[in-house]
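Report on one structure; see the data block that follows.
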Amino acid sequence: MPEMHFSVRWPDNSTSDCYSPSLVVKEYLEVGKSYSVAEFVERSRTALNIGSERVREKFGYACSSAMDQLGRIEQEASRFDQQNAQVVVEAFKP
């Protein structure tokens, strides 16, 4: 199963390298696009849950790394105004 890493820039200009167990993240996030923090969290949640379920279908267990990544995204996002602050997806990395 091809995994995907993606980098994001948070509203304070800090960056995070994130992990997805599946390329599905490309269906929910677009490089160069800005999302409100709330929308970024929701799109990430959807993509990472789908990726985790794809792992479950293939291997019989959910992807704990995807759920750990979601937790880190939610924790980071909690520092910002969910509606007005923007997160930019900077790159996808195979």
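The values are calculated or read from the model by the stated rules, or taken from the named source; none is laboratory data. Being a predicted model, the structure only gives us computed values, none of them experimental. For the accessible areas, the whole protein counts, side chains as well, though only heavy atoms, and no ligand, DNA or RNA atoms are used. Shrake-Rupley method; radii C 1.70, N 1.55, O 1.52, S 1.80 Å.
General remarks:
- 0 to 90° range, to nearest 10: angle between helix 64-77 axis and the chain longest Cα axis: 10
- The value given for the chain is a Kirkwood hydrodynamic radius of 13.1 Å, derived from the mean inverse Cα-Cα separation.
- For segment 14-93, with all protein chains in place and a probe radius of 1.4 Å, 45% of the accessible heavy-atom surface sits on carbon or sulfur.
- Surface accessible to a 1.4 Å probe, per residue, for the residues of the chain, Å²: 54
- Computed lengthening from Glu39 to Asp81, 0.36 nm per intervening residue step minus Cα-Cα distance: 13.9 nm
- Rounded accessible area of Phe92 (nearest 10 Å², 1.4 Å probe): 50
- With Cα atoms, 0 to 90° folded angle of helix 37-59 axis to the chain main axis: 10
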